[in-house]
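Enquirer: Structure below; questions to follow.
Values in this text are rule-based calculations from the coordinates and carry no lab data. This is a predicted model, so every value here is computed, not measured. Here the Cβ is made from the backbone with ideal geometry for all residues, glycine too, and neighbour counts use every protein chain on show.
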Amino acid sequence: MPRFYGVEVPSRLMLGTAHYPSPAILADAFRRSGAGIATVSLRREADGGQAGADFWALVRQLGVRVLPNTAGCHSVCEAVTTAEMARELFDTPWIKLEVIGHADTLQPDPFGLLEAARILSDDGFQVFPYTTEDAVLADRLLQAGCEVLMPWGAPIGTGLGLTNVYGLRTLRAQFPEVPMIVDAGLGLPSQAAMAMEMGVDAVLLNTAVAKAGDPAAMAEGFARGVEAGRLAYLADPMEPRDMATPSTPVIGKAFLA
Amino acid sequence: MKITVNGVAVEIRNDALPAVLEDLGYADKKVATAVNEDFVPAAARDRVTLQPGDRLEIVTPRQGG
């Protein structure tokens, strides 16, 4: 199993906690997925903290490690302050760092991301940077103190899958020893399997499960996809070829013409 | 005096941050705070006195992806 900042995690599937039809369905999806890490957020409270308390009680029941995010932050200051509040609220140095650069694509702002990653790493955070598949940016993030890379598969919530397979393969090849999680954009278990076949260490998704007609079933589907992809990667797949080659031996074939 | 709490103008009776949180119903709740966009750790709330017009943010655990 992969290790992130020295912590071995029990599954290569990580799930978000947003958009589920009900708390019970969220819990069921986590049970059937086997996910060991749940992404969480923090938001303004309007009812004296009861909604937050209820949600926190639910997460604790799941028995998973939490990965707080800085979702919705568009500036370095905003992301850093949010991370500081998240560290206290969730009692973890882990932070999924999002610094959004574009409102429509939710593409990371590479410059703000790097600056925030450096500030937070220097302050003892263990940063999971939500980044593009840009290898130069990845190198800078590692230099800034990140020990994990979290490239997007596609824009958040789109379900488009892996829109830049070449970029992800290049990133994996350039940083073979760095724990890598494909985050965002996955819509189907086959896309998770494809990511795992490339040798990434884990995948993180939310909407594809939460917005499915049967979230718990989809969660299990993703778990199986992740497992299938990992097995395929470890099994050293055959090289594709252009010309056909018979699977069945030709020698010994009956002569019937 | 009037401050802004989570983007909404609020009239408060006390100026000490712990008292304000208690008055707003957060005394025993799992919250994190920031004043004027600066994080205020729980251990430092005792030392914060709010001024008129200050912006107080109170956040709690929520669903996220």
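Enquirer: Chain B: Rg/Rh from Cα coordinates, Kirkwood Rh? Show your work: numbers first, answer last.
Expert: On the way: Rg = 11.4 Å, Rh = 12.0 Å.
Using Cα coordinates only, the ratio equals 0.95.
Enquirer: Would you mind estimating how fast the range A:100-172 diffuses translationally, via Stokes-Einstein at 20 °C and 1.002 mPa s with the Kirkwood radius over Cα pairs, in µm²/s?
Expert: The estimated diffusion coefficient comes to 171 µm²/s.
Enquirer: Place +1 on the Cβ of every Lys and Arg and -1 on the Cβ of every Asp and Glu in the range A:1-138, take the dipole about the Cα centre, and give the residue among A:132, A:20, A:86 whose Cα lies farthest towards its positive end.
Expert: A:20
Enquirer: Here is a further query. Would you look at the GNM of chain A, springs on alpha carbons closer than 10 Å, and say which of A:135, A:53, A:83 moves the most?
Expert: A:53
Enquirer: Cα atoms only, chain A: Rg and Dmax in Å?
Expert: Reported Rg and Dmax, both Å: 20.2, 85.
Enquirer: What does the extension gain come out to for residue A:91 and residue A:177, with contour length at 0.36 nm per residue minus their alpha carbon separation? Please list the in-between numbers first.
Expert: On the way: separation 86, 0.36 × 86 = 30.96 nm, distance 2.79 nm.
Full-extension gain reported as 28.2 nm.
Enquirer: Hey, what do the phi angles of the range A:252-257 turn into as Karplus ³J(HN,Hα) couplings, whole Hz, using 6.51/-1.76/1.60 and θ = phi - 60°, x for Gly and Pro?
Expert: Using θ = phi - 60°, the values come out as x, 5, 4, 8, 10, 5 Hz.
Enquirer: Calculate I(q)/I(0) for the range A:1-139 by the Debye formula, one identical point scatterer on each C-alpha and no solvent, and give its log10 at q = 0.13, 0.15, 0.18, 0.20 Å⁻¹ to two decimals.
Expert: Ignoring solvent entirely, the Cα scatterers give -0.60, -0.80, -1.12, -1.31.
Enquirer: Moving to a separate point now. By how many nm would the segment from residue A:50 to residue A:123 grow when fully extended, if each residue of separation counts as 0.36 nm and the alpha-carbon distance is taken off? Kindly include the intermediate steps, with their values, before the conclusion.
Expert: Numbers: separation 73, 0.36 × 73 = 26.28 nm, distance 3.08 nm.
Stretched fully, the residue A:50-residue A:123 segment lengthens by 23.2 nm.
Enquirer: Given A:198, A:120, A:179, which one lies farthest toward the positive end of the charge dipole of the range A:116-207, if we put +1 on the Cβ of every Lys and Arg and -1 on the Cβ of every Asp and Glu?
Expert: Value computed over the given set: A:198.
Enquirer: Would you mind checking the tilt of helix A:50-62 against the longest principal axis of the Cα atoms of chain A, expressed as 0 to 90 degrees and rounded to 10?
Expert: Tilt of helix A:50-62: around 40 degrees.
Enquirer: Shifting gears a bit: Under 10 Å, Cα contacts only: if you run a Gaussian network model on chain A, which one of A:55, A:90, A:222 comes out with the highest mean-square fluctuation?
Expert: Among A:55, A:90, A:222, the largest GNM mean-square fluctuation belongs to A:55.
Enquirer: What share of the DSSP beta bridges in chain B is antiparallel, in percent to the nearest 5? Don't skip to the answer; put the middle values down first.
Expert: Values: 12 of 14 bridges.
Of all bridge pairs located within chain B, approximately 85 percent are antiparallel.
Enquirer: Taking the C-alpha atoms of the range A:124-211, how large are the radius of gyration and the largest Cα-Cα span, Dmax, in Å?
Expert: Values for the range A:124-211 (Cα only, Rg and Dmax): 12.3, 37 Å.
Enquirer: Calculate the dipole size of the protein assembly as shown relative to its Cα centre from +1 charges on Lys and Arg beta carbons and -1 charges on Asp and Glu beta carbons; express the result in debye to the nearest 20.
Expert: On the way: 27 positive and 39 negative charges, 181 e Å.
For the protein assembly as shown, the charge dipole is close to 860 debye.
Enquirer: Just to be sure I understand: with springs between alpha-carbon atoms less than 10 Å apart, which residue in A:191, A:174, A:107 has the highest mean-square fluctuation in the Gaussian network model of chain A?
Expert: Result: A:174 has the largest fluctuation of those listed.
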